[in-house]
Amino acid sequence: MHFVFWGKLLLLNSVTINALSSALEGLSARQTATANNIANINTPNYKAQVVSFESALAASVQAGSGVTAPTTATSLEPTELDGNNVNLDTEDITNTNTVLQYQFASQAISQELKAIVPALSLS
């Protein structure tokens, strides 16, 4: 782990913190896409957006970085007669999973930082 001081700000560089930060970024992007999908459920020709980051994150962690960015793609699910392919059941499940994963990642990064800060004796 590397500690870099920039003014009074401490920048931490560890695979764990990088990975958790990347996961939070990906989950936030997924939550935004899910909200947009639900908001456009009745919009003709709207194609649902799908956010992915897990495979890239796993590869990044294995490579020793933990840094990755989410990617957004158009869902390939079948469309309705109006050309819209948002499935409310799928979006509800995605939303629930995303909220739970975000809570878990937030708690994990909080615990990681709580373990580091006392050792630094920052005042």
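Only the coordinates and a few stated rules stand behind these numbers; no lab work does. Predicted, not measured: the structure shown is a model, and the values here were computed from it. FYI the Cβ positions are ideal-geometry reconstructions off the backbone, even for glycines, and counts take in every protein chain you see.
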Which angle from 0 to 90°, rounded to the nearest 10, does the C-alpha axis of helix 15-39 make with the longest principal axis of the chain?
20
Hey, got the dipole for the chain? About the Cα centre, +1 on K and R Cβ, -1 on D and E Cβ, debye to the nearest 20?
640
How far apart, in nanometres, would the label points at Gln107 and Ala59 be if each is projected 7 angstrom from Cα along the Cα-to-Cβ direction?
3.1
Per Stokes-Einstein, at 4 °C and 1.567 mPa s, what whole-number D in µm² s⁻¹ belongs to the chain, with the Kirkwood radius over Cα pairs as the hydrodynamic radius?
79
With Cα coordinates, the longest principal axis of the chain makes an angle with the long axis of helix 88-120, in degrees rounded to 10, of 10
